[in-house]
């Protein structure tokens, strides 16, 4: 994994693609998945599973944490919605900027497994978001 991280650091992005790459880096895993599906349909191609960079980035941060470095960014993961589903949907809408249907679909998907709500959030913001969800009765984990 260390070699993969070194390879990632050496990648030089041509100027014409920098803006696109920056936008992609800001996207959640769910948004990236949706984007890949759209691109596959649009251009009639298939993406290989090894191409997805999100798991590599997560492992890199896990590796740095095991070396004793304090983690500076977190992913906010919704594990359970509790009794106040509508409140949780409102919070998801506020945090992600998604529409009502997308936020509801994301909250409903928690039944099938934990869902990443926001990625690469600073510690203070992550704890604040966790507090909001917990006040609405939801179960949240910071990774």
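Just the residues that are within 15 Å of residue 29 (Cα to Cα) and in contact (Cβ under 8 Å) with a residue 24 or more places away in the chain, please, taken from the range 108-123. Steps first, please.
Applying the first criterion (within 15 Å of residue 29 (Cα to Cα)) to the range 108-123 yields 109-110, 113-121.
Residues satisfying the conditions are 110, 114, 115, 116, 117, 118, 119, 120, 121.
Please count how many residues of the range 97-120 are surrounded by fewer than 20 Cβ atoms within 10 Å (Cβ to Cβ), in contact with a strand residue (DSSP E or B) (Cβ under 8 Å, 6 or more places away or on another chain) and over 11 Å from residue 81 (Cα atoms).
3
Is it the case that the range 51-64 has a residue that's under 29 Å from residue 128 (Cβ atoms) and at pLDDT 75 or above?
no
Just to be sure, is residue 25 surrounded by 10 or more Cβ atoms within 10 Å (Cβ to Cβ), modelled with pLDDT of 60 or more and closer than 21 Å to residue 105 by Cβ? Show your work before the answer.
Working: surrounded by 10 or more Cβ atoms within 10 Å (Cβ to Cβ): yes; modelled with pLDDT of 60 or more: yes; closer than 21 Å to residue 105 by Cβ: no.
Spelling it out, it is not the case that residue 25 is surrounded by 10 or more Cβ atoms within 10 Å (Cβ to Cβ), modelled with pLDDT of 60 or more and closer than 21 Å to residue 105 by Cβ.
Hey, residue 132 hits all of (1) in contact with a strand residue (DSSP E or B) (Cβ under 7 Å, 6 or more places away or on another chain); (2) crowded, with 17+ Cβ neighbours inside 10 Å but one; which does it fall short on?
For residue 132, the exception is condition (1).
Please tell me if residue 126 is at pLDDT 80 or above, within 18 Å of residue 25 (Cβ to Cβ), surrounded by 15 or more Cβ atoms within 10 Å (Cβ to Cβ) and in contact with a strand residue (DSSP E or B) (Cβ under 9 Å, 6 or more places away or on another chain). Let's see the steps before the verdict.
Working: at pLDDT 80 or above: yes; within 18 Å of residue 25 (Cβ to Cβ): yes; surrounded by 15 or more Cβ atoms within 10 Å (Cβ to Cβ): yes; in contact with a strand residue (DSSP E or B) (Cβ under 9 Å, 6 or more places away or on another chain): yes.
Spelling it out, residue 126 is indeed at pLDDT 80 or above, within 18 Å of residue 25 (Cβ to Cβ), surrounded by 15 or more Cβ atoms within 10 Å (Cβ to Cβ) and in contact with a strand residue (DSSP E or B) (Cβ under 9 Å, 6 or more places away or on another chain).
The values are calculated or read from the model by the stated rules, or taken from the named source; none is laboratory data. Since the structure is predicted, the reported quantities are computational estimates derived from the model, not experimental observations. When we count neighbours, we look across all protein chains shown, and the Cβ atoms used for this are built from the backbone with ideal geometry, even at glycine.
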